[in-house]
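Just below is one structure, and these are the notes that go with it.
The values are calculated or read from the model by the stated rules, or taken from the named source; none is laboratory data. Worth saying up front: this structure is predicted, and the values here are computed from it rather than measured. For neighbour counting, all protein chains shown are included, and Cβ atoms are generated from backbone atoms with ideal geometry for every residue, glycine included. Ligands, DNA and RNA are stripped out before the accessible areas are found, and what is left, the full protein with its side chains, is counted by its heavy atoms. Shrake-Rupley method; radii C 1.70, N 1.55, O 1.52, S 1.80 Å.
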Amino acid sequence: MNNITEDKITGLLCSLYEKYGYNRFKMNKFEQYSLYLENKDFLTSDRIVTFTDNTGRLLALKPDVTLSIVKGAVDKKSECEKVYYNENVYRASKDGEFRELTQVGVECIAHIDLYSVFEVIVLAHKSLSYISDEYLLALSHMRFISAALGGIEDAGVKKRILECISKKNVHTLKAILAENNVGAGLSECLTVLASLFGDVDTCIEKLCEISVNEETDKVLCELKRLSSLLKSAGLYAKTVMDFSIVNDMSYYNGITFQGFINGISQSVLSGGEYGKLLEKFSSKLDAVGFAVYIDALERLTAKKSFDADVFVLYSDSSDAEKLYACIDRLIASGVSVRSGRTLPGRVRCKRIMKFDGEVLTDE
């Protein structure tokens, strides 16, 4: 990350997605507020900037890209939509102020199969690797959690259990299960889910021991096949399983995942299968995708220790054509170059070179 900026990362990611056949999706800054109001649980925050246009319509500054992509695909009655985006969204921060945030991501809306999910996971891995070699992708599966919770009828209790799983709060979870007289088998299953983390195959073995019904058995078969694919693609070592990754079960219905970079405490990438959102649009298609939170990378890019690899000093009398030829050769060799007649005090470079009229020499 020492020599890469957020703009460069964004460019690399967009190029990557195009290579896999994803087309650029460009949306307007505004969307009808009703779209977000009807799906507010899908959003990370229900605080939205709204205004009324000159026709009386209530519009909103977009807090999300996925909803617009889904709406567009449904309106077009598309059977397969594979798009990527590089957009700014507008969301309320913890201090209550609205911020403009940059997101880059992909969405695949189609009749999703295992390969579709795997391809998106591969793109998530590659996206993280473009940012840093020190990354991990953590997987979970909402259908396993949903099937396990099928034995809990009280919606309020389900919500409390999910909160405990997401926070890995085993102590409180056990208390909730006991006070609601949940059976020993299901209690053990939910308790294991709340603490499950680590190597994919090891976690699958633990899940096999607590599988509670036919649906959880099906999920395990899917996870085993996915593990095999990750190994064949050389991505297994950078993947872990973590069932604390819990998303809204009214929208997400399969694999979910988050990406983490060493040096940043929060996730920088998040995604998964969200076929239930398509159901809300009366579509029979499924969907899977993810977003990379470019603004979360600020702490890494802020660590950049040099403004350029080489600073080239030249005089007023230097031949511009020869100077350009020397600098161009340097850049072609793979280094970044900044030039000037004097070295500004705040500019930091690994190496300073001087143009003597013909060649570059170390200062």
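Scanning segment 100-128 for residues being in contact (Cβ under 8 Å) with a residue 12 or more places away in the chain, over 15 Å from residue 290 (Cα atoms) and out of contact with any Cys (no Cβ under 9 Å at 6 or more places or on another chain) gives a total of 3. Selection within segment 198-215: residues that are outside any helix (DSSP H, G or I) and modelled with pLDDT under 95. The member of this set that is nearest to residue 136 (Cα to Cα) is 211. All of 187, 195, 283 fail the test of being closer than 26 Å to residue 170 by Cβ, among the small types (Gly, Ala, Ser) and crowded, with 16+ Cβ neighbours inside 10 Å, apart from 187.
Residues of segment 237-276 that are out of contact with any strand residue (DSSP E or B) (no Cβ under 7 Å at 6 or more places or on another chain), buried (at least 16 other Cβ atoms within 10 Å of the Cβ) and not hydrophobic (A, V, I, L, M, F, W, C): 244, 251, 276.
Output the residue which, of all residues in segment 343-363 that are acidic (Asp, Glu) and without any contact (Cβ under 8 Å) to a residue 40 or more places away in the chain, is surrounded by the most Cβ atoms within 10 Å (Cβ to Cβ). Top of the filtered list is 356. Within segment 52-75, residues that are surrounded by fewer than 22 Cβ atoms within 10 Å (Cβ to Cβ) sit with their Cβ atoms under 7 Å from residues that are in a helix (DSSP H, G or I) and aliphatic (A, V, I, L, M), at 6+ positions apart or across chains, in these pairs: 67/35; 71/35.
Take residue 134 and decide whether it is farther than 21 Å from residue 246 by Cα and in contact (Cβ under 8 Å) with a residue 12 or more places away in the chain. Here the answer is yes, as residue 134 does meet what is asked. Please verify whether residue 139 is buried (at least 16 other Cβ atoms within 10 Å of the Cβ) and either over 13 Å from the mean Cα position of the chain (by Cα) or under 30 Å from residue 182 (Cα atoms) (or both), treating the condition exactly as stated. Answer is yes for this residue. For segment 285-300, the count of residues that are at pLDDT 90 or above, within 30 Å of residue 107 (Cα to Cα) and of a type in the set (Phe, Trp, Tyr) is at least one.
Can you confirm whether residue 47 is open to solvent by 90 Å² or more (accessible area, probe 1.4 Å), more than 29 Å from residue 126 (Cβ to Cβ), among the basic types (Lys, Arg) and in contact (Cβ under 8 Å) with a residue 12 or more places away in the chain? In short, yes. Just one of (1) in a helix (DSSP H, G or I); (2) buried (at least 16 other Cβ atoms within 10 Å of the Cβ); (3) at pLDDT below 75 fails for residue 91. It is (1).
The sole residue among 345, 334 that is modelled with pLDDT under 90, more than 21 Å from residue 9 (Cβ to Cβ) and out of contact with any Lys or Arg (no Cβ under 7 Å at 6 or more places or on another chain) is 345. Pick out the one residue from 174, 231 that is out of contact with any strand residue (DSSP E or B) (no Cβ under 6 Å at 6 or more places or on another chain), charged (D, E, K, R), surrounded by 16 or more Cβ atoms within 10 Å (Cβ to Cβ) and free of Cβ contacts under 8 Å to residues at least 40 places away in the same chain. Just a single option satisfies the conditions, and that option is 174.
Can you name the residue in segment 205-217 that is of a type in the set (D, E, K, R) and without any contact (Cβ under 8 Å) to a residue 60 or more places away in the chain and is also most open to solvent (accessible area, probe 1.4 Å) among such residues?
Checking each candidate, the answer is 209.
The residues listed here are 59, 35; of these, the one that is in a helix (DSSP H, G or I) and at pLDDT below 85 is 35.
In segment 328-342, of all residues being open to solvent by less than 70 Å² (accessible area, probe 1.4 Å) and part of a loop (DSSP other than H, G, I, E, B), the one that is farthest from residue 307 (Cα to Cα) corresponds to 334.
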